1. Please go through region 197-221 and give me each residue that is basic (K, R) and free of Cβ contacts under 8 Å to residues at least 24 places away in the same chain, ordered by number.
2. Name the helices (runs of 4 or more DSSP H) wholly inside region 270-330 in which the number of residues that are open to solvent by 10 Å² or more (accessible area, probe 1.4 Å) and in contact with a Ser or Thr (Cβ under 8 Å, 6 or more places away or on another chain) is 2 or more.
3. Looking at region 164-178, can you tell me whether even one residue there is touching a Pro at 6+ places or on another chain (Cβ under 7 Å) and farther than 19 Å from Y307 by Cβ?
4. Taking the criterion of being within 23 Å of L236 (Cα to Cα), under 19 Å from the mean Cα position of the chain (by Cα), surrounded by 19 or more Cβ atoms within 10 Å (Cβ to Cβ) and of a type outside the set (S, T, N, Q), would at least one residue in region 181-199 satisfy it?
5. Looking at region 155-167, can you tell me whether even one residue there is outside any loop (DSSP other than H, G, I, E, B) and of a type in the set (D, E)?
6. Identify the residue in region 165-180 that is touching a Lys or Arg at 6+ places or on another chain (Cβ under 8 Å) and over 14 Å from L90 (Cα atoms) and, among all such residues, is surrounded by the fewest Cβ atoms within 10 Å (Cβ to Cβ).
7. Answer yes if at least one residue in region 108-126 is within 21 Å of P192 (Cβ to Cβ) and at pLDDT below 95, and no otherwise.
8. How many residues, within region 112-162, are surrounded by fewer than 24 Cβ atoms within 10 Å (Cβ to Cβ), of a type in the set (D, E, K, R) and either within 19 Å of G333 (Cα to Cα) or out of contact with any strand residue (DSSP E or B) (no Cβ under 9 Å at 6 or more places or on another chain) (or both)?
Amino acid sequence: MAERLASSASLLPASPSPSTRRAAATIASFPSCSARTGLRLRPSPSRFSQVTVAGRGRGGAGGALRVVRCMAASDAAQLKSAREDIKEILKTSYCHPILVRLGWHDSGTYDKNIEEWPQRGGADGSLRFDPELSHGANAGLTNALKLIQPIKDKYPGITYADLFQLASATAIEEAGGPTIPMKYGRVDITAPEQCPPEGRLPDAGPRLPAEHLREVFYRMGLDDKEIVALSGAHTLGRSRPDRSGWGKPETKYTKDGPGEPGGQSWTAEWLKFDNSYFKDIKEKRDQDLLVLPTDAAIFEDESFKVYAEKYAEDQEAFFKDYAEAHAKLSNLGAKFDPPEGFSLDDAAPADEKKVADPAPADDTNGAATADDTSEAAPQPEPFVAAKYSSKKRELSDTMKQKIRAEYEGLGGSPEKALQSNYFLNIMIVIAGLAFLTSLVGN
């Protein structure tokens, strides 16, 4: 088996360099969150588990066979538990927009014209390394990493690539947005040298906004509908001039927070995910609301305008298209293990996950193989005396024990019905008929 250990080198992200006038044109800018200090990116654990199975060696000598089993890139149960922890952070830190931005900026470097991984960019956890974190468009994202690094430390069985996308989708859903049909199992890159070059993310104020959006997002394999739908994520968040070069220092909507005051938002309720972004731009509602050149372009370009008008009138249509576009964006460039990925719908949280006892070795052929699987025997259903009672109310514990003792004394159990005694049944029937005959005779 080819070994695929991927240990992430420890790295202390430096503060991003002063940003050029780059901001995510279709990515929600972040509100200031309560930043935690001491960010440390720890090596990822081995994705291999070792199991020792008893077997027989040559000549009948006893021995042990060490079986190495490769696990998925991320543990589903740990991801599900991490999602609950992210929800708790969102309740207290109001960091929905920055977590959305974190996931988008990690995946938004994808280039469909490059086949090799990780050269093609995309959702591979590269944003945790300083060369990419210091890109102008990523200014401020150190704060997002500080927020979720404790979760990564708590759940070492998940990758950064999955954690970034999990945080992004959870932030949308917790802000009132649609449920994102996510899949997981993304593999992390392992070294800063594998980060994509700067310049793949969109500018906020290009000379030709519509053309620029198409150039960037077409390179990712997205179309006009998806560009406009993703632009709707600007319903969340604020832009700060000290980070992106855009927006006012504060407005009537941001001067009191929540979170750190300041910045300029696209919408009045900038922590609520809805279609107000499209409504407010269309109605040119308020000078205190931000409209970037790339935002204005979705109502000026004839192709973009069709979708922008639709979403301004129909929030349900916007939610549907947004959920599909977000899921697609989150998968761009990712290398999945297993290749088809997996959903969290059926996974139990890590603190509830039960580990079955290993099955005994198969003595018929001397040793177990890596593909051996076993299924635990079904557990007997707990005895409930009320099932065998004509009453609806529960019996006392004493009566339950008495009934069970008598029932099992006759050879029965809750899992096994009493065997019929045909001879006894026949004798009872004959006796009954004889009794009836004597009554009639009398």
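The values are calculated or read from the model by the stated rules, or taken from the named source; none is laboratory data. As the structure is a prediction and not an experimental result, all values here were calculated from the model. All Cβ positions, even for glycine, are placed from backbone atoms using ideal geometry, and neighbour counts span all protein chains on display. Remember, those area values only see protein heavy atoms, side chains included, never the ligands or the DNA or RNA. Shrake-Rupley method; radii C 1.70, N 1.55, O 1.52, S 1.80 Å.
1. Of everything in region 197-221, those that are basic (K, R) and free of Cβ contacts under 8 Å to residues at least 24 places away in the same chain turn out to be R207, R214.
2. Details: elements: 276-283, 293-300, 302-313.
The qualifying helices (runs of 4 or more DSSP H) are 276-283.
3. Checked region 164-178: no residue is touching a Pro at 6+ places or on another chain (Cβ under 7 Å) and farther than 19 Å from Y307 by Cβ.
4. Yes, there is a match, as at least one residue in region 181-199 is within 23 Å of L236 (Cα to Cα), under 19 Å from the mean Cα position of the chain (by Cα), surrounded by 19 or more Cβ atoms within 10 Å (Cβ to Cβ) and of a type outside the set (S, T, N, Q).
5. Step one: filter region 155-167 for residues outside any loop (DSSP other than H, G, I, E, B), giving 160-167.
If we keep only those that are of a type in the set (D, E) as well, we get 162.
Taking every residue of region 155-167 in turn, at least one turns out to be outside any loop (DSSP other than H, G, I, E, B) and of a type in the set (D, E).
6. This residue is P178.
7. No, because not a single residue in region 108-126 is within 21 Å of P192 (Cβ to Cβ) and at pLDDT below 95.
8. 7
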